[in-house]
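Everything on this sheet refers to the single structure shown next.
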Amino acid sequence: MARHESIVLGPHPRGTIGGQITLSVWKGIGVAKIRPVPSNPNTASQQSQRNNFKSLVNEWHHEDRTATDKEAWDYRASKGSRPMSGFNNFIGVYRTAFKNGKTLDFLRGISVSLSGTTLSVTGKGSYDGAIKVYAFTPSGALITSADDSVSGGTFDVDLTLPSGITTGYVLVEYNVTNHFGTSGYYKFD
């Protein structure tokens, strides 16, 4: 790093000249240094991570992922310890599962309706396999759960709630060894 003063460029020029030298200001002093060349080893592991991220972004924008699905992920993100968007929560949850070697499966197009004490949950899954559906109170206490499966790409589950329960949220998860799939938190009332 070298100190510079230039009559032509002014007292504190900034930028790169010829792709080789970068001019900047450090503690009020104009400095010049050789432009660093970022490293990109482009390893197989890097490519795998990049492809996974691209696939997850495409999944977020999948034609079967409804606005309700995205709102459910926003609600799930709001329940976390750090503020973030539903998109960031979705990407983070699935990236962790991918890092842990799980096969990723997706739940989308979910709808939840309450009629009396019957809570109906329907939706689509990217993998035909066992799922678990949970109903929670607004504070996060488990009310009930049910086992079912995605068959032909869809599922339809009815849960019976205790009388007096009128609000809460639903979580759907795949229940298959070495597979991972989860939903956002779908409100019901």
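A short reminder: the numbers here are calculations on the coordinates, not readings from a lab. Bear in mind the structure is a predicted one, so any value in this text is a computation, not a measurement. No Cβ is skipped: glycine too gets one built from the backbone with ideal geometry, and neighbour counts run over all protein chains shown.
Annotation: average projected area of the chain is 16.3 square nanometres, based on the convex hull of Cα atoms across all directions.
Could you give the dipole magnitude of the stretch 21-138 about its Cα centre, charging the beta-carbon of Lys and Arg +1 and that of Asp and Glu -1, in debye to the nearest 20? In debye, rounded to 20, the stretch 21-138 gives about 700.
Of the residues TYR185, GLY30, PHE106, the one whose Cα sits farthest toward the positive end of the charge dipole of the chain, with +1 on the Cβ of Lys and Arg and -1 on the Cβ of Asp and Glu, is GLY30. Once you sort the root eigenvalues of the Cα gyration tensor of the stretch 70-154 as a ≥ b ≥ c, which label holds: rounded (a/c under 1.5), prolate (a/b larger than b/c) or oblate (the other case)? Oblate, because a/c is 1.5 or more while a/b does not exceed b/c.
For the peptides 91-99, 170-178, the ranking by mean Cβ contacts within 10 Å, running from highest to lowest, is 170-178, 91-99.
Computed from backbone phi with θ = phi - 60° and the Karplus coefficients 6.51, -1.76 and 1.60, the 3J(HN,Hα) list for the stretch 109-125 is x, 7, 10, 10, 9, 10, 9, x, 10, 9, 9, 9, 10, 10, x, 10, x Hz; x is used for glycine and proline. For the chain, adding -39500 (n - 2.57) for each run of n ≥ 4 DSSP H residues and dividing by the number of residues yields -7500 deg cm²/dmol at 222 nm.
Summary of packing: across the peptides 146-152, 69-75, 125-131, 26-32, the per-residue average of other C-beta atoms within 10 Å ranks them, highest first, as 69-75, 125-131, 146-152, 26-32. Distant-in-sequence amide contacts of THR182, defined by a placed amide H-H separation under 5 Å and a gap of 5 or more residues or a different chain, comprise LEU107, TYR174.
Using a Gaussian network model of the chain in which every pair of alpha carbons under 10 angstrom is joined by a spring, one finds that among THR22, THR166, THR43 the greatest mean-square fluctuation is at THR22.
Near VAL157: Cβ cut-off under 14 Å, other residues only, Lys/Arg at +1 and Asp/Glu at -1. The net charge is -3. Once you have a ≥ b ≥ c as the square roots of the Cα gyration tensor eigenvalues for the stretch 136-180, tell me rounded if a/c is under 1.5, and otherwise prolate or oblate according to whether a/b is larger than b/c. The shape class here is prolate. Positive end of the dipole of the chain (Cβ unit charges, origin at the Cα centre): among PHE53, VAL176, VAL93, the Cα lying farthest that way belongs to PHE53. Taking all Cα-Cα distances within the stretch 44-118, those exceeding 18 Å account for 47%.
Cross-link pairs exceeding 18 Å between alpha carbons, from the set LYS70/LYS124; LYS54/LYS99; LYS54/LYS124: LYS54/LYS124. Close amide-amide hydrogen proximity is noted between LYS187 and VAL170, each under 5 Å apart and 5 or more residues distant or on a separate chain (H modeled in the peptide plane; Pro and chain starts excluded).
The stretch between ILE17 and SER55 holds 9.9 nm of extra length on full extension. This uses 0.36 nm per residue minus the Cα-Cα distance.
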